[in-house]
Amino acid sequence: MSNIKTITAITRATDPAIASLELRQQLSDPDIAFVLFYCSSVYSLDNLAKHMTSTFTGIELVGCTTAGEITPNGYEQHSIIAIGFSAFHFAVSAQIVESMENFSLIDAQETVNKLTESCFFKKIASIKNNSFLLTLLDGLSADEEQFLVTLNSAAGGIPHFGGSAGDDIHLANTHVFYQGSFYQNAAIVLMVNTTCPFEVFSSNHIKYATSKVVVTAADADSRTVYELNAEPAALEYARLLNVKVEDLSPELFALHPLAVKVGGKYYIRSIQKVNEADLSLIFYCAVDVGIVLSTVVMDDIFASLSSELTRMTSQYGEPELVLTCDCFLRRLEIEQRQLLGEAKTLQQRYNIRGFNTYGEHIDGTHLNQTFTGVFIAGVSK
């Protein structure tokens, strides 16, 4: 049996043919049977799909576009990171859902059943307690919440996490990749069955809430808030922060998010952009009339995450891989606070790999501004 469990590959080549070849050369181990990749949207996606498919013949490929990549060298952009999984330690199965909007409970049950059956026949480990689900969703869809709730109802207690695809913060087109093609308005659900101990987790760095506002006019379907406290939403948000409306930007949203309180805990509802025509705000997560949002003070961005990673290392052993969906707004905060060096140290210490997202998923919940992922230990059970 091979000792290799996972291999990480990285390319910064801008030509899809060269990029695909460079990744394949780094993932040449014959035990690699499944490859998960995250790519910048700067690539010609049609060409990238063609070359990745032809270069990785006989290996199942799944991926999505990003708002940044997390590589062995820390945060990067305009690159592709790919992770190869050994067939001796991982059975990975994937299903695409081409229409998130029409995803029913029956569809969810059929999806989970197909994934379970596929992993079962690979005979890596028993499905129960040795499997997790990973979701990759179109990051500009407004159907993420309903999709995740529906999937969760059919998951049968299998832990699951994931991320919403990005497009380098252009907010125009996000894609997921499955069996040779990139798709929009689609979702991919993966089941990972493994011999390695693991834990799915999520971490944020909210310290405490301050001012409160009420959503007084909104369109839930498009996640648009027209009014906060019966005032134009962007004007009221700018007033809370004591800034001008024209100063509102993703960088400012990252440092001064709004949050909703659910079950005694605060969860961030990140702002995507300002509509200049009517001064409304578009959010990355569900919003509706009557929701109370709070401005929040953020804690040390690494403190709670470091604590979680230390705990899991003590419990399971050194990590083989921490596969993460890390909100791009966290990266913007880290950049603005000039903490990229500290981030890189943490990412290298725990073998953190993944991508910057437009939203994170855990056990049926859609989140913003979190670090969500799975800690996979280097030992086998």
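Results, tabulated for the structure shown:
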{"read-out": "In the stretch 303-317, the residues that are within 23 Å of the chain's Cα centre (by Cα) and open to solvent by less than 30 Å² (accessible area, probe 1.4 Å)", "value": "Leu305, Leu309, Met312, Thr313"}
{"read-out": "Residue in the stretch 136-145 that is within 19 Å of the chain's Cα centre (by Cα), in contact (Cβ under 8 Å) with a residue 40 or more places away in the chain and within 23 Å of Arg24 (Cα to Cα) present", "value": "yes"}
{"read-out": "Close pairs (8 angstrom Cβ cut-off, 6 or more residues apart or separate chains): open to solvent by 50 Å² or more (accessible area, probe 1.4 Å) in the stretch 50-74, of a type in the set (Phe, Trp, Tyr) anywhere", "value": "Glu60/Phe34"}
{"read-out": "Candidates Leu323, Leu293, filtered to the one that is over 20 Å from Arg239 (Cα atoms), touching a strand residue (DSSP E or B) at 6+ places or on another chain (Cβ under 7 Å) and outside any loop (DSSP other than H, G, I, E, B)", "value": "Leu323"}
{"read-out": "Strands (runs of 3 or more DSSP E) wholly inside the stretch 113-203 that include at least 3 residues being of a type in the set (A, V, I, L, M, F, W, C)", "value": "131-137, 187-194, 198-203"}
{"read-out": "Looking only at the stretch 196-221, and only at residues there that are of a type in the set (Gly, Ala, Ser) and under 23 Å from Leu235 (Cβ atoms), the one that is surrounded by the most Cβ atoms within 10 Å (Cβ to Cβ)", "value": "Ala218"}
{"read-out": "Odd one out for Thr365 among (1) modelled with pLDDT of 95 or more; (2) open to solvent by 50 Å² or more (accessible area, probe 1.4 Å)", "value": "(1)"}
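Condition check ((1) modelled with pLDDT of 95 or more; (2) in contact with a Cys (Cβ under 9 Å, 6 or more places away or on another chain); (3) of a type in the set (D, E, K, R)) across all residues:
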position	(1), (2), (3)
Gly162	yes, yes, no
Gln184	yes, no, no
Asn193	yes, yes, no
Phe201	yes, no, no
Lys207	no, no, yes
Thr210	no, no, no
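The values are calculated or read from the model by the stated rules, or taken from the named source; none is laboratory data. Nothing here was measured: the structure is a model prediction, and the numbers come from that model. We place every Cβ from the backbone using ideal geometry, glycine too, and count neighbours over all the protein chains shown. To get the accessible areas, we keep the full protein, side chains included, count just its heavy atoms, and leave off ligands, DNA and RNA. Shrake-Rupley method; radii C 1.70, N 1.55, O 1.52, S 1.80 Å.
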